[in-house]
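Below you'll find the structure, written out as structure tokens, and then a few comments.
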Amino acid sequence: MFFLHGTEIEQLTKIKKAIFNNMPFDDLEIICKEVSISLNDKGFAYTYAACLLASEDKISDAKKMFAINGEDTFCKIMYDYLEETNSFDLADQVFKSADPYNIYTQTDFFKKHQGGALKYIRKFAQESAPPKSVSPVTILDIGVGNGMFITKIVNEIIPLYDIKNIRLIIIDQSEDMLRMAKEYCEENINITVEVISICCKIQEITKEQIEIIQNTKPIWFINTGLSIHYMPKEKKIPMLKQLKAFSPKLVLTEVNWNHDLPESNSPELF
Ligand SMILES: C[S@@+](CC[C@H](N)C(=O)[O-])C[C@H]1O[C@@H](n2cnc3c(N)ncnc32)[C@H](O)[C@@H]1O
């Protein structure tokens, strides 16, 4: 980790503005060269520009920029990654297959995080009863992953209200995750469960998919665990407004780190 001082931030913001104003590559390279004079790490101006270009989906320019600082290991890895995937959509790539997350969910780190979160979700459920005389009770899960977490949640809270039937609407952008989650929930939830799977990025949910969800209302609560930090704030806010139309209750479990993609007009990097 390293920290930038005020002048460096000011200089780097010039690069950011140039990229958001669609400056041609050759002019941008000149700006990077000028900015690099004020930086402790001279190559960082190019790394910074390359990351922003990649996050703006300007993959070919990003590769050219990473190549300028190609001696740097990070830039080399990023160059190879873009060459191979031609994309910088982190969540798309990381969760394409369920296998890595299946391994992660076996770790002590995950189990510890999950145990802590469950304690609070149980408390929430105790204080917020499901809608009266509605069967099945419906829960919506955004970014369900492999289904292990929502299964634990459901099994933890159903005894509180002696629930006999549950309907789970599970959303994930990854088909493989969604397939795995449906199977896992059906096999491991302790009561009768109906699973409705919706494959989409939640910020790009279609009218038809919204209608499917609206038809299941009232929804007890929406759960989203470790899933919505992948999107920048300007997409997150309209997305949260959409969720509010589904249910007034949202259970959000997150970690205390941030790997949002950069927001427009923000000095943050990534
Ligand atoms: C770290 S996993 C979390 C899985 C599960 N919620 C848990 O707590 O164990 C993140 C999941 O969110 C999904 N995801 C990430 N961004 C998403 C988005 N914008 N819309 C829908 N799903 C998303 C990923 O595909 C992945 O399955």
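The values are calculated or read from the model by the stated rules, or taken from the named source; none is laboratory data. Keep in mind the model is a prediction, meaning the values are calculated, not measured. Virtual Cβ from ideal backbone geometry, glycine too; neighbours counted across all protein chains shown. Heavy atoms of the whole protein, side chains included, go into the accessibility calculation; ligands, DNA and RNA do not. Shrake-Rupley method; radii C 1.70, N 1.55, O 1.52, S 1.80 Å.
Values computed for the structure shown
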item: Most mobile of 218, 232, 100 in a GNM of the chain (Cα contacts under 10 Å); result: 100
item: Gyration tensor (alpha-carbon) shape descriptor, the range 6-88, a/c threshold 1.5; result: oblate
item: The chain, helix-only ellipticity at 222 nm - DSSP H runs n ≥ 4, -39,500 (n - 2.57), divided by all residues, nearest 500; result: -16500 deg cm²/dmol
item: Neighbour net charge for residue 46 - beta-carbon separation under 13 angstrom, K R +1, D E -1; result: -1
item: Estimated Rh, the range 45-145: Kirkwood, alpha-carbon pairs, angstrom; result: 17.3 Å
item: Rg over Rh, two decimals, the range 99-253 (C-alpha only, Kirkwood Rh); result: 0.93
item: On Cα atoms only, tilt of 175-188 relative to the major axis of the chain in degrees; result: 30 degrees
item: Rounded to whole Hz, the Karplus (6.51, -1.76, 1.60) HN-Hα couplings of the range 230-241, x for glycine and proline; result: 7, 10, x, 4, 5, 8, 5, 5, x, 5, 5, 5
item: Computed Kirkwood radius, in angstrom, where 1/r is averaged over Cα pairs of the range 147-198; result: 11.1 Å
item: Accessible surface of the range 6-88, 1.4 Å probe, proportion on carbon and sulfur as whole %; result: 50 percent
item: Trypsin sites (Lys or Arg not before Pro) restricted to DSSP loop in the range 97-134 with at most 12 other C-beta within 10 Å; result: 132
item: Listed residue pairs exceeding 23 Å between alpha carbons, taken from 111/241; 123/182; 201/236; result: 111/241; 123/182
item: Relative contact order %, the chain, counting alpha carbon pairs below 8 Å whose residues are six or more apart; result: 15 percent
item: Cα-based convex hull, the chain, per residue volume (Å³, whole number); result: 146 Å³
item: Per residue solvent-accessible surface (Å²) - the chain, probe of 1.4 Å; result: 54 Å²
item: Between helix 148-161 and the chain: long-axis angle, C-alpha atoms, 0 to 90°, nearest 10; result: 30 degrees
item: Whole-percent carbon and sulfur share, accessible surface of the range 99-253, 1.4 Å; result: 53 percent
item: With Cα atoms, 0 to 90° folded angle of helix 108-127 axis to the chain main axis; result: 50 degrees
